[in-house]
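Novice: Pasting a structure here, questions to come.
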Amino acid sequence: EEGERTRECPVYIPRADIFESENQVTVIADMPGVDENSLDITLEKNTLTIRGFVEPETFENYTLSYAEYGVGDYERSFVLSNEIDRNKIEASVKNGVLRLVLPKMEEAQTRKIKVKAS
């Protein structure tokens, strides 16, 4: 159940690319204008939620006469499988691009089974 927003601005769903390897899942999300101080990432049960807050840029002695893109906050949630090791999730952000590394639990990782001759 979501609460009521206290900020009056649009909320965008950030576009994301998801990559999977043997050991981890990586999520790359575009969140222009967001830095490490304006990000909130929470994990509740199996739901990972990312929120980014962007303050509109203003210039002294100027008024906006035309804008080609909207400025607003970002929010998106992902439901995690039981294969993800929740205690080892890492997040970093650079130039408005969020990178989440979701390591797989050792039991879920692909491993090679050695065959012995009998």
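Novice: Look through segment 21-32, keep the residues that are open to solvent by 60 Å² or more (accessible area, probe 1.4 Å) and of a type outside the set (S, T, N, Q), and return whichever of them is modelled with the highest pLDDT.
Specialist: Asp30
Novice: Only residues in segment 9-20 that are acidic (Asp, Glu) count as the first member; pair them with residues that are surrounded by 14 or more Cβ atoms within 10 Å (Cβ to Cβ), Cβ under 7 angstrom, at least 6 apart or cross-chain, and list the lot.
Specialist: Matching pairs, first to second residue: Asp17/Ile28.
Novice: Next question, about the same structure. Has segment 87-109 got any residue that is exposed (fewer than 13 other Cβ atoms within 10 Å of the Cβ) and either of a type in the set (A, V, I, L, M, F, W, C) or modelled with pLDDT under 85 (or both)?
Specialist: Among the residues of segment 87-109, at least one is exposed (fewer than 13 other Cβ atoms within 10 Å of the Cβ) and either of a type in the set (A, V, I, L, M, F, W, C) or modelled with pLDDT under 85 (or both), which makes the answer yes.
Novice: Looking only at residues that are part of a loop (DSSP other than H, G, I, E, B) and small (Gly, Ala, Ser) in segment 35-76, which one is most open to solvent (accessible area, probe 1.4 Å)?
Specialist: Ranking the candidates gives Ser65 first.
Novice: Hey, can you tell me all the residues within segment 77-86 that are open to solvent by less than 70 Å² (accessible area, probe 1.4 Å) and closer than 26 Å to Asn37 by Cα?
Specialist: Correct list: Ser77, Phe78, Leu80, Ile84, Asp85, Arg86.
Novice: Which residue is farthest from the chain's Cα centre (by Cα), if the candidates are limited to segment 6-19 and must be at pLDDT below 95 and not in a loop (DSSP other than H, G, I, E, B)?
Specialist: If we take residues in segment 6-19 being at pLDDT below 95 and not in a loop (DSSP other than H, G, I, E, B), then Val11 is farthest from the chain's Cα centre (by Cα).
The values are calculated or read from the model by the stated rules, or taken from the named source; none is laboratory data. From a predicted model like this one, the values you see are computed outputs, not experimental measurements. All Cβ positions, glycine included, derive from the backbone under ideal geometry; neighbour counts span all protein chains shown. All accessible areas refer to the heavy atoms of the entire protein, side chains included, with ligands and DNA or RNA removed. Shrake-Rupley method; radii C 1.70, N 1.55, O 1.52, S 1.80 Å.
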